[in-house]
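The values are calculated or read from the model by the stated rules, or taken from the named source; none is laboratory data. Since the model is a prediction, treat every value here as computed from it, not as a measurement. For neighbour counting, all protein chains shown are included, and Cβ atoms are generated from backbone atoms with ideal geometry for every residue, glycine included. Surface areas here come from the heavy atoms of the whole protein model, side chains and all, with no ligands, DNA or RNA. Shrake-Rupley method; radii C 1.70, N 1.55, O 1.52, S 1.80 Å.
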Number of protein chains: 2
Amino acid sequence: MKNRLNSIISLLFFGLTLSTEAWSQTQNSTKMTEQNNSALFAKGDKLPDTYFTGNAFLTPLLAKDKNNDFVMGSVTFEKGARTNWHTHPRGQVLIVTEGNGFYQEKGKPARPITKGDVVNIPENTEHWHGASVSTKMVHIAITNYEGDTNVVWLKPVSTEEYSAVNKH
Amino acid sequence: MKNRLNSIISLLFFGLTLSTEAWSQTQNSTKMTEQNNSALFAKGDKLPDTYFTGNAFLTPLLAKDKNNDFVMGSVTFEKGARTNWHTHPRGQVLIVTEGNGFYQEKGKPARPITKGDVVNIPENTEHWHGASVSTKMVHIAITNYEGDTNVVWLKPVSTEEYSAVNKH
């Protein structure tokens with residue numbers, strides 16, 4: 001069941017059913033119709049409430065292939081939006097491209113993150129990331145695979161947990 | 001000799017001798033002293049004339065480690081600057097973050113690239129990338145490894161080759 005859920009969210013999260021050509025077309029068309037001078041990528045499609053709180057969006061950038069053992073996408077978190085708590089079996093790299101937000105590992109203080117920050121998330125480490133309560137945050141996510149799995153989703157970040165981080 | 005050259009340029013190109021902590025410090029300090037509102041990353045240090053024509057600069061972003069089988073850096077090409085012809089044994093992904101330039105594979109027409117473009121460079125394919133003659137170009141490079149090798153450098157892109165691409 002856990003594996004099935006992971007497969008489903010992998011499909012939802014990074015559109016792995018698209019062919020390379022479809023990816024390229026998606027990318028070009030979203031770029032040409034939506035990109036403006038300040039945003040690096042289009043906002044993309046809304047991510048599911050099952051794994052995200054608030055309004056989060058994804059533009060897929062690259063599918064896993066024979067050379068790249070990762071998927072890559074641009075994720076936009078509107079004010080107040082964040083991932084659920086989750087882990088990655090082989091870690092994930094975030095590149096913050098716009099705005100301000102937080103990265104927090106379970107049991108540790110949240111780390112404020114801002115445009116130009118790179119976060120190297122360790123394997124099998126429970127964490128979340130998202131916008132602050134008052135600012136959007138956009139990051140590129142490079143998510144490594146272990147076999148067919150790149151993420152294990154856990155519980156939402158509660159209002160209490162999120163408020164505590166934003167209070168400081 | 002080729003392996004030795006590759007090792008040397010790997011060190012030059014992505015500063016792999018730095019510890020994770022040193023990388024983080026470098027990144028924070030360059031960001032805080034040089035970043036402005038429009039640039040995503042600092043320009044970094046000039047890349048060697050041996051492998052680049054014109055003024056190209058590198059800010060290292062991430063070292064290869066147990067989860068990430070790649071290095072990542074931000075490369076700034078001033079007007080007219082470009083890589084030598086080269087190949088990657090397991091390919092490379094470029095994310096253009098600013099400006100305009102070209103990506104060209106040997107024997108094919110050059111592809112104009114601009115902010116928001118992603119280029120998935122195949123393995124063992126001779127190519128170059130760089131700015132146009134009249135505009136800068138900045139990209140993130142994610143370079144996969146095969147063993148200890150991530151790049152094989154070849155001849156400079158000649159003035160004739162570069163002019164032909166810029167003429168169109």
Any idea which residue in the stretch A:63-99 is nearest to the other protein chains (Cβ to nearest Cβ), counting only those that are open to solvent by 20 Å² or more (accessible area, probe 1.4 Å), touching a residue at least 24 places away in the same chain (Cβ under 8 Å) and assigned to a loop (DSSP other than H, G, I, E, B)? A:Arg90
State the number of residues belonging to the stretch A:21-79 that are closer than 30 Å to B:Asp69 by Cα, at pLDDT below 95 and of a type in the set (Ser, Thr, Tyr). 3
Of everything in the stretch A:128-151 that's part of a strand (DSSP E or B) and polar (S, T, N, Q), which residue is farthest from the other protein chains (Cβ to nearest Cβ)? A:Thr149
Residues of the stretch B:113-127 classified as more than 14 Å from A:Phe41 (Cβ to Cβ), more than 7 Å from chain A (Cβ to nearest Cβ) and open to solvent by 10 Å² or more (accessible area, probe 1.4 Å), total: 4
Could we say that A:Val119 is within 28 Å of B:Val71 (Cα to Cα) and aliphatic (A, V, I, L, M) here? yes
Scan the stretch B:48-62 and report the pairs whose first residue is within 14 Å of chain A (Cβ to nearest Cβ) and whose second residue is crowded, with 17+ Cβ neighbours inside 10 Å and of a type in the set (Phe, Trp, Tyr), with Cβ atoms within less than 6 Å and a gap of 6+ or a chain change. B:Thr59/B:Phe41; B:Pro60/B:Phe14
